[in-house]
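S.K.: My questions all concern the structure below.
The values are calculated or read from the model by the stated rules, or taken from the named source; none is laboratory data. Keep in mind the model is a prediction, meaning the values are calculated, not measured. Backbone-built Cβ (ideal geometry, glycine too); neighbour counts: all protein chains shown. All accessible areas refer to the heavy atoms of the entire protein, side chains included, with ligands and DNA or RNA removed. Shrake-Rupley method; radii C 1.70, N 1.55, O 1.52, S 1.80 Å.
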Amino acid sequence: MNNFSTKKWISLSIELNKKDDINFLYSNFCNDIIGTFENNGELIFYFDSKIKDKICSMQNNKFIINDIKYENWHKGFEQYFKPVKIDNQITIIPDWYSEAIESIDSIKIKPGMAFGTGTHETTQLILSQLKKYIHKGNYILDLGSGSGILAIGALKYGASFVTCYEYDKDCEDNFFENMELNNISNNYKLLFDDVLLIKDFSYDCILANINKKIIIDLLPNIKKFQNSKSKIILSGLLLSDQDEVISLIHQLKFNLIDTIIKGEWICIVIE
């Protein structure tokens, strides 16, 4: 098991209406962001403390930066992580609640540094689409799997197998904890690699809750290496990203199926 108690992170808070500052962070630190959380009108970014000096040198005192230890993060999260029902479909239940997982529409999650708790709009947007696009027997590719929450949802809705890719190995323990909490012991695999190195996209449905820069680089790869038609659900995108991403979708000759908006975020479904 990873020794989280010795690790440190930093959080950086930005008001949601400060779009230029949010875009600045995504543009300059997209590969360093290990999670985001939206709370009381603020978007909170989380980073490994090792890049604190790098961020401080570029941000010109525009943001408030706080140091965090893992144990403090987990205890503090319990204050505002309550059961969340998403579009009258899936209910996300924190692991300290005693309710049993009896319905396919319930997922139990232990909050960890993977940050996939279902409380952020980008996760909720994809979760709200799973019932529509995941069918019994499907093979699913989950990119940026983190806590495993989307893979769990896909398996509960009948997927035969989910291949999960994640870049950050700090997610590993939390991923397997969440699988166990939901009584899932097989029908998935977790790989640690850069999603831009994948050469096989022959899946029934591809889930990608990642940032715009990665999505922009990923879509041409999917088009190049895709041997069958897949539904592709893209999240992690701000509304301000919409025109650029949809322009690329048309350029690559994907079919645009749907766009779903929640707060400042947008989910795009293509094939």
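S.K.: Taking segment 26-51, which residues are in a helix (DSSP H, G or I), at pLDDT below 80 and either surrounded by 13 or more Cβ atoms within 10 Å (Cβ to Cβ) or of a type in the set (Val, Ile, Thr) (or both)?
M.R.: 26, 28, 29
S.K.: For segment 160-177, give me each residue that is touching a residue at least 40 places away in the same chain (Cβ under 8 Å) and farther than 18 Å from residue 209 by Cα.
M.R.: Within segment 160-177, 173, 177 meet the criteria.
S.K.: Within segment 225-256, restricting attention to residues that are touching a residue at least 40 places away in the same chain (Cβ under 8 Å) and among the small types (Gly, Ala, Ser), which residue is nearest to residue 205 (Cα to Cα)?
M.R.: Among them, the one singled out is 230.
S.K.: What are the pairs, 6+ residues apart or on separate chains, where a residue within segment 131-148 that is part of a helix (DSSP H, G or I) has its Cβ under 7 Å from a residue that is open to solvent by 10 Å² or more (accessible area, probe 1.4 Å)?
M.R.: Within 7 Å, the pairs are 131/89; 131/157; 133/231.
S.K.: Going by what's in this entry, would residue 109 be described as of a type in the set (A, V, I, L, M, F, W, C), open to solvent by 40 Å² or more (accessible area, probe 1.4 Å) and at pLDDT below 90?
M.R.: No, not satisfied.
S.K.: Only one of (1) small (Gly, Ala, Ser); (2) assigned to a loop (DSSP other than H, G, I, E, B); (3) closer than 20 Å to residue 121 by Cα fails for residue 158. Which number is that?
M.R.: Just one mismatch for residue 158, condition (3).
S.K.: Going through 240, 235, 228 one at a time, which residue ends up being closer than 26 Å to residue 44 by Cα, of a type in the set (Ser, Thr, Tyr) and modelled with pLDDT under 90?
M.R.: 240
S.K.: Provide a single number: the residues in segment 172-204 that are open to solvent by less than 70 Å² (accessible area, probe 1.4 Å), acidic (Asp, Glu) and assigned to a helix (DSSP H, G or I).
M.R.: Summing the residues that are open to solvent by less than 70 Å² (accessible area, probe 1.4 Å), acidic (Asp, Glu) and assigned to a helix (DSSP H, G or I) in segment 172-204 gives 3.
Yes/no per residue for (1) touching a strand residue (DSSP E or B) at 6+ places or on another chain (Cβ under 6 Å); (2) hydroxyl-bearing (Ser, Thr, Tyr); (3) modelled with pLDDT of 95 or more:
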{"site": "159", "(1), (2), (3)": "yes, no, yes"}
{"site": "162", "(1), (2), (3)": "yes, no, yes"}
{"site": "165", "(1), (2), (3)": "yes, yes, yes"}
{"site": "168", "(1), (2), (3)": "no, no, no"}
{"site": "173", "(1), (2), (3)": "no, no, no"}
{"site": "190", "(1), (2), (3)": "yes, no, yes"}
{"site": "194", "(1), (2), (3)": "no, no, no"}
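S.K.: How many residues are open to solvent by 10 Å² or more (accessible area, probe 1.4 Å) and in contact with a helix residue (DSSP H, G or I) (Cβ under 9 Å, 6 or more places away or on another chain) when one looks only at segment 134-144?
M.R.: Total satisfying the criteria: 2.
S.K.: Does segment 52-74 include one or more residues that are at pLDDT 80 or above and either under 23 Å from residue 237 (Cβ atoms) or open to solvent by less than 30 Å² (accessible area, probe 1.4 Å) (or both)?
M.R.: For segment 52-74, residues at pLDDT 80 or above and either under 23 Å from residue 237 (Cβ atoms) or open to solvent by less than 30 Å² (accessible area, probe 1.4 Å) (or both): present.
S.K.: Okay, next question. Just need a number here: residues in segment 75-103 that are modelled with pLDDT of 75 or more and outside any loop (DSSP other than H, G, I, E, B).
M.R.: Number satisfying all stated conditions: 8.
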